[in-house]
Amino acid sequence: SWWDRIWIDFAFGPKPPFGDFEVKGRWKTRGARTRVFGFARIADVSYRDLPVESGSLNVIVTPENTLLTRMRITPPQGRAEGRISFPRSRSGQPLALHFDFRGALNPAHCRRAFGPTAEETLSRFETNATVQATARGSVLLSRPTSPEERALTRIRVEANCSSPLLYSGLPLDRLDLHLHSTADESLLSPLR
């Protein structure tokens, strides 16, 4: 069911993506040892309004999870790289997306790319510069049913910008931000 929905977030330019994939196993069978290994190169693509001039990624799908690794993108300003891992759906098991990201992006370019909570925060930043950032953690993809499941959401973000910018209309000479967040609490080092 996710396959049809995922493409709504993408807009492709005239040059089609290139991919090379090896698929082994039988789809839709219990206990099947289905595996996918491959890579893709993209150009002139946008994901939730994040423009990407060029990029590449490796894809590994096993019976346990899907891993997007060696992800590298070049937007009009900056660059970014990282990896994303999410488990295959299992009845009664919580699903948590794991991510590790680093790079430099303009907040205006990536507002929608990271989901509604990030969009709300990033929409408060106004700058023409790129912001250096690292972000890693995990996000629960379903509604938590226990304290253990709530603990699966953990995020750590560090962001720096040496250029002047505005945050909610407040002028800042530069940005130095350290955020640690869980499902229950967010801690922000002094915003400088």
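The values are calculated or read from the model by the stated rules, or taken from the named source; none is laboratory data. What you see is a predicted model, and the numbers here were worked out from it, not measured in a lab. Note that we place each Cβ from the backbone using ideal geometry, even for glycine, and neighbour counts take in every protein chain shown. Heavy atoms of the whole protein, side chains included, go into the accessibility calculation; ligands, DNA and RNA do not. Shrake-Rupley method; radii C 1.70, N 1.55, O 1.52, S 1.80 Å.
Identify, from the list THR117, THR134, THR121, THR127, the residue that is polar (S, T, N, Q) and more than 25 Å from SER85 (Cβ to Cβ). Walk me through it before giving the result.
Values: THR117 fails: more than 25 Å from SER85 (Cβ to Cβ); THR134 fails: more than 25 Å from SER85 (Cβ to Cβ); THR121 fails: more than 25 Å from SER85 (Cβ to Cβ).
When all the criteria are applied, what remains is THR127.
Given (1) without any contact (Cβ under 8 Å) to a residue 40 or more places away in the chain; (2) within 24 Å of ALA129 (Cα to Cα); (3) among the aliphatic types (A, V, I, L, M), where does VAL61 come up short, assuming only one miss?
(2)
Has the range 68-78 got at least one residue that is farther than 19 Å from GLY115 by Cα, at pLDDT below 95 and open to solvent by less than 30 Å² (accessible area, probe 1.4 Å)?
Checking the range 68-78: not a single residue is farther than 19 Å from GLY115 by Cα, at pLDDT below 95 and open to solvent by less than 30 Å² (accessible area, probe 1.4 Å).
Considering only residues that are at pLDDT 90 or above and under 14 Å from HIS98 (Cβ atoms), which ones fall in the range 135-180?
The answer is ALA135, ARG136, GLY137, SER138, ARG154, ILE155, ARG156.
If ARG143 passes every condition in (1) free of Cβ contacts under 8 Å to residues at least 24 places away in the same chain; (2) closer than 30 Å to PRO171 by Cα but one, which one does it miss?
(2)
Evaluate the following for PRO51: is it buried (at least 17 other Cβ atoms within 10 Å of the Cβ), touching a Leu at 6+ places or on another chain (Cβ under 8 Å), more than 27 Å from GLU149 (Cα to Cα) and not hydrophobic (A, V, I, L, M, F, W, C)?
Working: buried (at least 17 other Cβ atoms within 10 Å of the Cβ): yes; touching a Leu at 6+ places or on another chain (Cβ under 8 Å): no; more than 27 Å from GLU149 (Cα to Cα): yes; not hydrophobic (A, V, I, L, M, F, W, C): yes.
Spelling it out, it is not the case that PRO51 is buried (at least 17 other Cβ atoms within 10 Å of the Cβ), touching a Leu at 6+ places or on another chain (Cβ under 8 Å), more than 27 Å from GLU149 (Cα to Cα) and not hydrophobic (A, V, I, L, M, F, W, C).
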